[in-house]
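Working notes, beginning with the structure itself.
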Amino acid sequence: MVIVDALTNNVNRTASDVRAAFGKNGGNMGVSGSVTYMFDSTAVFGVEGKSADEVIEILLEADVDARDVFEEEEVTIVYAEPDQFHAAQEAFKAAGITEFTVAELTMLPQTEVKLTGEDKVKFEKMIDALEDLDDVQRVYHNADLED
């Protein structure tokens, strides 16, 4: 499943371009919002130099609700509700953290699908075609493209 986030001054042109990118690469375009139920809108932060416990303490002191906090390599990742983005950012600033490896609102898939071989190549080609469109801001998908 793919969500295309676009910003345009001409909806008809953008819809046509996106539909063509799907069609030329073996995909189908559904109606607006038809797959959003399969994704969770999430605020994501990546913090270096702090453990998960330290980050949880910072967020609890500021009364910020985090969905998940975990460590991945040298970075502590925080998932929070989108409406908590500013509150979490301010909590980190109050704790002296101003640099983030990531600080964004994104759409995380609820489940992932593993693609291999020809399917993976075709899917990557379609994603590249969508990302190359001028009006497309972000493309979210639930494909696991890791080797």
(request) With the checklist (1) touching a residue at least 40 places away in the same chain (Cβ under 8 Å); (2) in contact with a helix residue (DSSP H, G or I) (Cβ under 8 Å, 6 or more places away or on another chain) in hand, flag the one item E61 doesn't pass. (result) (1)
(request) Filter the range 101-126 for residues that are more than 14 Å from the chain's Cα centre (by Cα), hydrophobic (A, V, I, L, M, F, W, C) and outside any loop (DSSP other than H, G, I, E, B) and give the result. (result) V113, V121, F123, M126
(message) Every residue in the range 1-22 that is open to solvent by less than 100 Å² (accessible area, probe 1.4 Å), touching an Asp or Glu at 6+ places or on another chain (Cβ under 7 Å) and in a loop (DSSP other than H, G, I, E, B), please.
(response) T8
(request) Hey, can you tell me all the residues within the range 42-93 that are open to solvent by 50 Å² or more (accessible area, probe 1.4 Å) and part of a strand (DSSP E or B)? (result) E48, R67, D68, F70, E71, E72, Y79
(request) Select from the range 50-98 the residues that are touching a Lys or Arg at 6+ places or on another chain (Cβ under 8 Å) and among the β-branched types (V, I, T) and write down the one among them that is nearest to L108 (Cα to Cα). (result) T76
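The values are calculated or read from the model by the stated rules, or taken from the named source; none is laboratory data. It should be emphasised that the depicted structure is a prediction, and the values quoted were computed from it without experimental measurement. Glycine gets a Cβ as well: all are built from the backbone with ideal geometry, and neighbour counts include every protein chain shown. All accessible areas refer to the heavy atoms of the entire protein, side chains included, with ligands and DNA or RNA removed. Shrake-Rupley method; radii C 1.70, N 1.55, O 1.52, S 1.80 Å.
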